[in-house]
Structure formats: structure tokens, C-alpha cells
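A.B. asks: Below: one structure in C-alpha cells.
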Amino acid sequence: MGDERPALLCISTYEKGQAFLREAARLGCRVELLTVDKLRGADWPWEALADIHTMPEDLTAQQVLPHVSRLFKHKNFLRVVALDEFDLETAALVREHLRLAGMGETRTRYFRDKLAMRGGARNGGVAVPDFCGVANHDVLWQLLSSTEGPWLLKPRWSASAIGIQKIEKPDDVWPLLEKLGDEASNHLVERFVPGEIYHVEGITWEGKVLWAGAHKYGAPPMQTMHQGGVFTTRTLEREGKEARELRAIHEKTLKALGMTSGVTHSEFIRANADGQFYFLETAARVGGAFIAEVAEFASGVNPWVEWARIEVASMRGKKYHLPELREEYAGSVICLARQEEPELSGYNAPEVVYRLKKHHHAGLIVKSDSAERVRELLEEYGEGFLRDFYARMDAPDKPRD
């Protein structure tokens with residue numbers, strides 16, 4: 001007799017999502033993973049996987065489609081889930097081609113394509129820094145001549161701050177576009193808005209935002225990636241003005257972009273000039289850099305786990321319910337380390353609840369019932385990490401494992 005469990009196929013070309021895989025299996029699904037050849041032996045939760053399949057690296061979505069279609073010959077997968085942002089288009093194409101439930105290619109663009117998401121948010125009344133595509137040079141020149149620089153040239157399909165270039169003068173953009181050639185239209189130009197960067201981790205079910213965790217980065221991610229430094233993020237005081245404003249613009253953004261059910265990681269900037277929050281970007285995925293663990297320590301919500309529960313509930317026609325929430329605060333401090341195995345024993349405040357175990361990385365998470373205490377610890381430990389561990393690596397032009 002065959003395996004009667006509902007089948008779920010996860011696609012991930014990066015090593016992540018272990019908590020999702022475990023929870024989906026715990027809920028009674030037959031979980032299979034499609035990854036790249038070099039990650040076959042990675043640290044996957046083997047006890048949760050019914051099977052693992054691999055393919056070569058750097059395939060386009062169209063090239064991955066035959067691999068998935070062959071898997072479907074004898075396995076009736078009810079859902080296909082992309083665990084990494086760079087696999088979202090592939091999963092969307094598979095859903096369209098095999099007529100499966102979930103976001104198709106058009107809707108996925110609003111959570112992947114930085115030009116589409118900005119347009120969608122602006123059309124929904126969300127404040128967005130001035131921007132335009134670069135395909136038409138007349139439109140681009142109108143933006144450059146009518147706004148004050150500097151500006152940012154951003155890849156439409158990248159993640160984090162990868163590939164972003166700063167433009168100081170309008171004429172500086174043309175050589176960059178010339179160098180990009182036919183790839184130029186895969187970029188946008190946006191007015192650079194100085195300010196502080198925030199992120200909101202969200203859970204949405206049937207169009208309603210059920211949970212939104214507001215956080216504030218230390219140094220902006222673009223600065224950390226391009227200029228170096230220590231990465232920090234922390235939970236904001238829940239009833240503070242910033243958190244309330246962030247939850248409002250976050251909900252308005254997801255409504256404008258048509259999010260139905262799933263998890264999101266969204267970033268906003270509070271402009272120095274006017275104190276207003278502006279939308280920067282969003283993704284239908286879990287935030288990286290151990291943001292899921294920060295959220296779990298602060299609120300009891302692990303976005304990876306809840307995402308799996310949402311997918312399984314939807315697959316079975318059941319209603320999804322949030323877990324019981326906590327109201328504590330947490331924050332993380334992480335950096336590349338000079339040492340292969342950094343010694344963190346000197347960072348021993350009682351609020352330390354998690355220590356990162358990863359070669360050439362130093363990282364920990366703190367938790368407290370006081371948002372102010374978390375902020376103080378991150379400032380202290382951030383300075384210490386810079387002194388004791390920090391190593392610099394140039395920002396990549398394209399994603400790395």
C-alpha cells in the first residue's frame with residue numbers, strides 16, 4: 001500500500017527552512033525536498049524528509065520545470081513551496097504549469113520584483129521613495145531631473161542589498177546602464193532617502209494580518225553589507241509610536257500587494273527629513289539572519305513553523321490559528337568573525353538565550369521583558385563584537401550560499 005499522507009514538495013537552492021520541513025512532517029505530510037547537487041549532504045532534517053532530489057546549480061525557472069514535472073509522474077504533490085527568495089519564481093511557474101494552489105507568477109512578482117512591488121504599494125496609497133524603471137530613458141531623466149540626489153540603482157530581482165549602486169550625479173547613471181547592456185531593464189532607480197531602517201515580520205491568513213512583529217535594525221543592511229560592520233536587530237516596544245505606525249503601513253502594504261495567506265518579511269525606512277515611514281521592499285518568505293529566532297524568543301511565533309502550519313491548514317481546508325503569544329523582547333547581534341570558532345563565553349549576561357554555531361561567524365540572541373534592556377545589550381555587545389571578532393568581506397554582486 002502506498003504512502004497516503006498528503007504530499008508537499010519544497011524547493012530550496014540554499015540551506016535553510018529546516019524548521020518548516022520538520023513542522024510539515026510533524027503535521028502528517030509527506031515532505032520531499034528539491035535542492036541543488038552540492039547541498040545533497042547538507043544539514044537537512046533527514047528524519048522529516050520522505051525523499052530528497054537534486055539538480056544542477058544556476059538553472060532558470062524554465063529549466064527547473066522538467067525536473068519537477070518528472071517528480072509529479074508518480075507523486076501527487078498538493079503544494080509546492082519555495083523556501084528561499086531566489087526560488088519564488090520557480091515555485092510560481094510550477095504552480096501555474098501544474099495548476100496547483102498558491103501564488104502564481106503575476107502575484108509573486110509583487111513580492112519578488114522590486115519595481116512591481118513599489119508600483120503596487122504606491123497604487124495602494126503607501127508612501128514610497130520616488131522611483132522609476134530604467135527601460136525608458138526619457139522617464140528616467142524626468143525622475144533624475146525632478147528629484148534631489150543621490151539615487152540608488154537597484155536590481156529588480158535581487159535580495160537584501162546585493163548589487164545596489166549609489167549614484168551621486170544624474171550623468172553617472174548612463175555609463176552604468178551602458179555597462180549593463182540588455183540587463184539594464186532588470187533594474188530600477190530610486191531616490192536615496194536617509195533614515196533608519198525597520199522591518200516587520202508578518203503572518204497573514206485569508207487576507208487578514210494576524211500577527212505583525214515590528215523590529216528595528218542597528219546599522220542599515222545596505223551599510224552593513226557594503227561598508228561592513230556588525231548586524232543587529234531588535235523588537236520594538238509594542239505599544240510605542242514607531243511600532244504602531246509600522247503595523248499600520250505594513251498592513252496597508254500587504255493589502256495593496258494582494259497577500260492572501262503566508263508569511264512576509266517587509267522593510268521600511270523612517271526618513272530623517274520628515275519622520276515619515278516609507279515602504280522599501282517585501283518578500284513572501286521568512287527573514288534571514290536569524291530573524292525568525294528573534295521573533296520566536298520575543299513573541300512565541302517562529303515564522304518558519306507558522307508558515308508550515310499555514311500551508312498544511314490550507315491544503316486540508318482547515319482554519320489556521322496563531323499560537324499563544326508572549327510579550328517579551330529580543331534582539332540579535334551577528335558578524336563575520338576572524339576566528340574559525342569565536343569564543344563567546346565573555347558575553348554572558350543572563351539575557352543571552354542563543355549562541356550561533358557557524359564557522360567564522362559570531363552571533364547571539366538576547367531576551368528580556370524590557371525593550372530598553374535589549375537595546376542596551378545590543379549596543380554594548382555590538383561594540384564588543386566589532387572589537388573582538390569582526391572581519392570584513394566585500395559585498396557580493398550576486399547571491400552566495
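A.B. asks: For the chain, modelled as a GNM with alpha-carbon contacts under 10 angstrom, which of LYS16, LYS179, LYS357 fluctuates the most?
C.D. replies: The residue with the greatest mean-square fluctuation here is LYS179.
A.B. asks: What percent does the relative contact order of the chain come to when contacts are Cα pairs within less than 8 Å and at least six residues apart? Write down the numbers at each step before the final one.
C.D. replies: Details: 786 pairs, mean separation 56.1, N = 401.
Computed value for the chain: 14 percent relative contact order.
A.B. asks: Here's something else I'd like to know. Hey, can you rank 18-24, 384-390, 138-144 by average C-beta count inside 10 Å, highest first? Could you put the intermediate results ahead of the total?
C.D. replies: Values: 18-24: 22.9, 384-390: 17.4, 138-144: 15.4.
Descending mean neighbour count gives 18-24, 384-390, 138-144.
A.B. asks: Could you work out which residue, out of ALA284, ALA292, ALA349, moves most in a Gaussian network model of the chain, that is, has the largest mean-square fluctuation with Cα springs under 10 Å?
C.D. replies: ALA349
A.B. asks: Pull out the extension gain between THR260 and ALA61, defined as 0.36 nm times the separation in residues minus the alpha carbon to alpha carbon distance; nm, one decimal. Write out the running numbers ahead of the final one.
C.D. replies: Numbers: separation 199, 0.36 × 199 = 71.64 nm, distance 2.33 nm.
Difference between extended and current length: 69.3 nm.
A.B. asks: Something else: For the charge dipole of the chain, defined by +1 on Lys and Arg C-beta atoms and -1 on Asp and Glu C-beta atoms about the Cα centroid, which residue among PHE385, VAL312, ALA289 has the Cα displaced farthest towards the positive pole?
C.D. replies: Of the options given, the answer is VAL312.
A.B. asks: I would also like to ask the following. Shape of the chain from its Cα gyration tensor (a ≥ b ≥ c, root eigenvalues): rounded if a/c is under 1.5, otherwise prolate when a/b > b/c, or oblate? All intermediate terms of the calculation are to be shown ahead of the outcome.
C.D. replies: Details: a/c = 1.44, a/b = 1.12, b/c = 1.29.
Here the chain falls in the rounded category.
A.B. asks: Taking the Cα centre of the chain as origin, work out the dipole magnitude from +1 charges on Lys and Arg Cβ and -1 charges on Asp and Glu Cβ, in debye rounded to 20.
C.D. replies: On the way: 52 positive and 60 negative charges, 257 e Å.
Using only the charged Cβ atoms, the result is roughly 1240 debye.
A.B. asks: Sticking with this one: Quote to one decimal, in nm, the extra length available between THR106 and ASP43 on full extension: 0.36 nm per residue of separation minus the C-alpha distance between them. Walk me through the numbers on the way to the answer.
C.D. replies: Numbers: separation 63, 0.36 × 63 = 22.68 nm, distance 3.32 nm.
That works out to 19.4 nm of additional length.
A.B. asks: What number, in percent, do you get for the relative contact order of the range 1-70 if the mean sequence gap of Cα pairs under 8 Å and at least 6 apart is divided by its residue count? Mind showing how you got there, number by number?
C.D. replies: Numbers: 90 pairs, mean separation 21.1, N = 70.
It rounds to 30 percent for the range 1-70.
A.B. asks: First compute the accessible area of the range 84-158 with a 1.4 Å probe, then give the percent of it belonging to carbon and sulfur atoms.
C.D. replies: Values: 1460 of 3160 Å².
The computed percentage sits at 46.
A.B. asks: Which whole DSSP H helices in the chain pass both tests: a Cα extent of 18 Å or more along the axis and a mean Kyte-Doolittle value no lower than -1.0? Working shown, then result.
C.D. replies: Working: long enough: 241-257 (24 Å, -0.81); 303-316 (19 Å, -0.13); 371-388 (25 Å, -0.91).
The qualifying helices are 241-257, 303-316, 371-388.
A.B. asks: Quote the FRET efficiency, to the nearest 0.05, computed for HIS97 versus HIS53 with a Förster distance R0 of 22 Å and r equal to the Cβ-Cβ distance. Each step should come with its number before you reach the end.
C.D. replies: Values: r = 17 Å, r/R0 = 0.79.
The value I calculate is 0.80.
A.B. asks: If I model a spin label at GLU379 and GLU239 as a point 7 Å from the Cα along the Cα→Cβ vector, what separation in nanometres do I get?
C.D. replies: 2.4 nm
A.B. asks: Using the heavy atoms of the protein chains and a 1.4 angstrom probe, tell me the accessible area per residue for the range 1-153 in square angstrom.
C.D. replies: Values: 7000 Å² over 153 residues.
Averaged over the residues of the range 1-153, the accessible area is 46 Å².
A.B. asks: Something else about it: Order of 85-91, 117-123, 129-135, 240-246 by packing, highest average Cβ count within 10 Å first? Intermediate values should be presented prior to the final figure.
C.D. replies: Numbers: 85-91: 23.1, 117-123: 20.7, 129-135: 18.6, 240-246: 16.0.
Final packing ranking: 85-91, 117-123, 129-135, 240-246.
A.B. asks: Right, next: Give me the one-decimal nm value for the distance between modelled label points at GLU343 and GLN276, 7 Å along each residue's Cα-to-Cβ direction.
C.D. replies: Taking the simple label geometry, GLU343 and GLN276 are separated by 5.3 nm.
A.B. asks: Let me ask another. Taking the Cα centre of the range 116-179 as the origin, how large is its charge dipole in debye, to the nearest 20, when only Lys and Arg (+1) and Asp and Glu (-1) carry charge on their Cβ atoms? Intermediate results must be reported in sequence, preceding the final value.
C.D. replies: Working: 7 positive and 7 negative charges, 67 e Å.
Its charge dipole is roughly 320 debye.
A.B. asks: Which value, in debye to the nearest 20, describes the size of the charge dipole of the range 205-310 about its Cα centre when Lys and Arg Cβ atoms bear +1, Asp and Glu Cβ atoms bear -1, and nothing else is charged? Write down the numbers at each step before the final one.
C.D. replies: Values: 12 positive and 12 negative charges, 25 e Å.
The calculation lands at about 120 debye.
A.B. asks: Counting pairs of alpha carbon atoms under 8 Å apart in space and at least six apart in sequence, what relative contact order in percent does the range 323-379 give?
C.D. replies: Numbers: 86 pairs, mean separation 25.3, N = 57.
Over the range 323-379, the number comes to 44 percent.
A.B. asks: Heavy atoms of the protein only, probe of 1.4 Å, neighbouring chains included. What is the accessible area of ILE310 in Å², nearest 10?
C.D. replies: Surface accessible to solvent at ILE310 totals approximately 0 Å².
The values are calculated or read from the model by the stated rules, or taken from the named source; none is laboratory data. Since we're looking at a predicted model, the values are computed, not measured. Neighbour counts run over all protein chains shown; Cβ positions are idealised from the backbone, glycine included. SASA here: full protein model, heavy atoms, side chains in, ligands and nucleic acids out. Shrake-Rupley method; radii C 1.70, N 1.55, O 1.52, S 1.80 Å.
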